[in-house]
Structures are given as C-alpha cells and as structure tokens.
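Worksheet for the structure shown next.
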Amino acid sequence: LLLAPLSLLILSKGIRQKKYSYIIWINIVSFFGSYAYGALGFLFALWLLWTVFLLINLLSDFSNLKRRKFILAYFFILVISWLGSNLWWIIHFIEASTSIISQFSGEELQGKSSSVLNALRPYHSPQYILRGLSGFYHYEAKEWGEFYKSPLLVFLSWIPSIMIFSTTLFKTNYKSNFWRFLLALTTIVLIFSKGVNPPLGLLNKFLMEYI
C-alpha cells in the first residue's frame with residue numbers, strides 16, 4: 001500500500017519543485033515495490049493515479065507554456081524510464097500472456113474475463129489490498145511459508161495502512177485541499193486494486209469486460 005502514496009508524494013514534489021531528478025526516486029521506489037505488480041489491477045490503478053495527477057496539474061495552469069512543456073516532458077521521461085527499469089518482468093509477462101491469449105477468440109476472452117475476475121476475487125479482498133499483500137502469493141502459494149500467517153506479521157502488516165490513514169486526524173491535513181486531493185486519488189487506487197470485491201465491485205467488472 002505504501003507504494004501508491006509514497007510514489008505520489010515523490011511525483012508531486014518533483015512537479016512542485018520542477019526537478020526531473022525525482023523521477024529517479026520514483027523508479028527506485030517502484031523497483032523495490034515491484035512485487036505488487038503481480039496484481040495487474042494495482043499496476044493499472046497506480047498508473048491511473050500518476051496520470052490523473054499530472055493531467056490535473058497540466059490543466060490547472062494550461063496557459064503557462066513553460067509549465068505545460070515541463071509536465072509533458074516529465075510524463076514522457078517517467079514513462080520511458082519506468083518501462084526501462086521494469087523490462088525484466090514486462091518482457092516475460094508479455095510472452096506468457098501472448099501464448100495464452102492466442103488460444104482464444106475475442107468472444108471467448110470476453111466471456112472468460114468475467115470468470116477470471118470472479119476466480120481472483122478471494123485474492124484481492126480489502127483485507128489484503130489495504131495491507132499491500134497478495135492473497136495468492138502470500139497465503140495460497142505460500143512463497144514465504146507460514147511467515148505471513150503469524151500473529152506478529154499480521155499486526156505489523158497493518159501498521160503502514162494505519163499510519164497513512166491516521167493522517168486524517170491532523171487538522172493541517174484535512175483542511176488542506178491538496179492533501180484531500182492526494183487522499184482521494186489514493187482511495188481510487190484501492191478501489192481499482194480490489195477487483196470485483198465490494199464496494200463498487202460491479203464498476204471494476206464493467207470496465208474489465210467492456211473497455
């Protein structure tokens with residue numbers, strides 16, 4: 001869960017201070033949090049988060065040519081650098097996906113998308129998404145054995161989420177329009193990441209099947 005707000009914080013500082021160097025830190029944080037990309041819903045939601053943030057900043061002062069050029073260049077460099085630093089798993093993913101998808105027609109894929117979403121539902125429930133964990137890798141496949149089932153790890157896994165959302169208790173935060181904006185974008189990421197689980201599960205199902 002920390003990957004979304006932390007990367008957004010770095011992104012916003014880079015835009016506000018007009019420094020391309022923050023893109024390096026986004027890629028570093030992204031690399032160490034790349035385990036989360038095993039859930040494609042989170043990957044799409046994360047890029048939606050970054051894109052919406054940059055788009056709003058672009059439109060908020062669109063008449064400023066210098067700022068407009070900076071944000072567009074920032075986005076372009078971010079996309080290229082992120083793709084380059086994540087090629088190690090993207091290439092493997094594309095090869096594996098192509099071989100599987102080629103076995104089905106368009107109608108079959110549309111029908112199977114609903115089945116896939118329902119099958120993945122237990123692994124993307126809010127209790128896992130809020131802690132930034134994979135229900136499949138950590139609890140079904142048990143890549144780390146019983147490590148994540150220990151009471152201590154269950155307790156520790158909730159601390160980052162509690163820290164993030166406890167910021168709503170600070171007066172300087174909840175009265176800040178910018179902070180509320182960042183929190184709203186983070187909440188959108190969580191909604192998309194949880195797949196067809198409630199709340200708003202039907203919205204995700206519609207987007208996957210028809211868009």
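The values are calculated or read from the model by the stated rules, or taken from the named source; none is laboratory data. This is a predicted model, so every value here is computed, not measured. Positions of Cβ are backbone-derived with ideal geometry, glycine not excepted, and every protein chain shown enters the neighbour counts. Accessible surface areas use protein heavy atoms only, side chains included; no ligands, DNA or RNA. Shrake-Rupley method; radii C 1.70, N 1.55, O 1.52, S 1.80 Å.
Okay, here's what the table says:
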quantity: Given (1) modelled with pLDDT of 90 or more; (2) open to solvent by less than 40 Å² (accessible area, probe 1.4 Å); (3) under 17 Å from the mean Cα position of the chain (by Cα), index of the condition residue 73 fails; calculated: (3)
quantity: Among the residues listed as 130, 117, the single one being surrounded by 15 or more Cβ atoms within 10 Å (Cβ to Cβ), at pLDDT below 70 and among the aliphatic types (A, V, I, L, M); calculated: 117
